[in-house]
Amino acid sequence: MPSNQVVLITGSSTGFGRLFAETLSRRGHTVFASMRDPGGRNAQHASDLRSLAERESLHLHVLELDVTDDASVERAVLSVVDHSGGIDVAINNAGYGLFGLTEAVTTEQARQLMDTNFFGPVRVNRAVLPHMRRQRSGLLLHVSSGAGRVVIPTMGFYCASKFALEALAEAYSYELAGQGIESVIIEPGAYQTAVFGNSVVVADASRADSYGAVNQFADKIGAAVAKSAGNAQDVADVVLRIIETPAGQRELRYRVSAASFGVDEINDLSATVQARFLEAFGLSADTKFVQRKTAGAA
């Protein structure tokens, strides 16, 4: 990949996405920071990014993109390609949390969550991959979570969306290897970002009436997260390192967290099992699978 890469980031109005956009553009990469409704609900965030780009002479552009809308995703990707001639990196960052007892989540809430956290990356990847395949290079970077490997009570559907994202991203990594395209997963731990303010609570709270002490799980988890939350810039720094790692030398998963909670062990065991599985089916060479330990980053 070129040293100055063309990067599309979803969910860039706040949180990790905003930090990614600032960090990568300050490094000299051409960044398209996408968000919903930059002329309306996110007008101030869009204006702030444009002002930053002008003030620091950055190749940082604000782009409208709604990951739940096929046409919006296609328009945004075509805009990037028309402007820059191609696209090197797609960072699937857009997502939100859903907290509360699993039974109290309505089917509509579950559908909306998956539409953003899982089908959003599906749409983005389908839009960028034809362009990456033509240039025989590219990177799909999926922002997952430690909750994509361990199950947290009262976060069941959020975990499910990240478990699904992990499987999708890993499947891409095997299938795209021969195309010169890499699929990578980053698993942040507890970090205080806008994701907590943007989270949704369960809509059918009456379902929780008989659960007793289980209703205290969310408060306990929230307190633990607040106590252990790290500096979100650490995650942005790892994203920068991943992007600037030469093709073929990247890990499949990068865990970024002050505390492991066993996620590293799960990832290492998974790599061992996957290696055996692919070898048993004669797929190791075609997928260019190399068994590596999870890259610890913090």
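The values are calculated or read from the model by the stated rules, or taken from the named source; none is laboratory data. Computed from a predicted model, the values in this text were never measured in an experiment. A quick note on method: Cβ atoms are made from the backbone with ideal geometry, for glycine too, and the neighbour counts reach across all protein chains shown. Side chains included, ligands, DNA and RNA excluded: accessible areas come from the protein's heavy atoms. Shrake-Rupley method; radii C 1.70, N 1.55, O 1.52, S 1.80 Å.
Quick notes
- nm² value of the averaged projected area, convex hull over the Cα atoms of the chain: 15.7 nm²
- Once both labels are positioned 7 Å from their Cα atoms along Cα-to-Cβ, the gap between Ala203 and Glu56 label points is 4.0 nm.
- Take the Cα of Ala226, step 7 Å toward its Cβ, do the same at Gln44, and the gap between the two points is 2.3 nm.
- In the assembled protein chains, Lys220 presents an accessible area of approximately 140 Å² (probe radius 1.4 Å).
- Contact order normalised by residue count of the chain, Cα under 8 Å, 6+ apart, percent: 18 percent
- Efficiency of FRET from Cβ geometry, Ala167 and Arg26, R₀ 41 Å, rounded to 0.05: 0.75
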